[in-house]
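What follows is a short report on a single structure.
What follows draws every value from the coordinates through simple rules; no lab data is involved. Owing to the predicted nature of the structure, the values given are computational and were not obtained by experimental measurement. Every residue, glycine among them, receives a Cβ derived from its backbone with ideal geometry; neighbour counts consider all protein chains shown.
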Amino acid sequence: MKLLLDQNLSRKLVPALEPLYPETTHVILARLDRATDSDIWHWARLRGLTIATKNTDMVDLCVLRGAPPKVLWLRVGNCTTDLIVEVIVRNQERIASFDADPGRVVLPLFRLSAVD
């Protein structure tokens, strides 16, 4: 799985996540920092990326349009990049299962526990 980190996530997450998710990028690194959510969604779709975000805009687009792309919805509130890495690492098996299931479009990930 390749991740596209949305604007609301730090681009400092890229090197931390690349060992688990090679080819991870950030909207700024992809020069999409001024693009609309729809354009970002389309760009991710064309490149086979899963969007990681903290807000509902991409979630809404994926629910309306379907996948690809899929969305990792980080329901973590204001927190450090280290905590975001921890949440993603802790949920690695759930993320792999989500990626393999064509019927699933959005995977919410929470701060405290790995709950389906």
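With the helix formula -39500 (n - 2.57) applied to DSSP H stretches of n ≥ 4, the chain reaches a computed 222 nm mean residue ellipticity of -10500 deg cm²/dmol. Place a point 7 Å from the Cα of Lys12 along the Cα-to-Cβ direction; which residues of the range 48-91 have their backbone N under 20 Å from it? Flagged as within label range: 52-55, 74-90.
Can you work out the Karplus-derived ³J(HN,Hα) for every residue in the range 60-66? Use 6.51 cos²θ - 1.76 cosθ + 1.60 with θ = phi - 60°, whole Hz, and x for glycine or proline. In residue order, the calculated couplings are 4, 4, 5, 5, 6, 9, x Hz.
With 5 Å bins beginning at zero, the pair-distance distribution over Cα atoms of the chain amounts to 2, 12, 25, 27, 22, 10, 1 %. A simple charge model with +1 on the Cβ of Lys and Arg, -1 on the Cβ of Asp and Glu and nothing else charged puts the dipole of the chain at about 100 debye relative to its Cα centre. Ordered by the count of other Cβ atoms within 10 Å of each Cβ, fewest first, Val106, Val27 give Val106, Val27.
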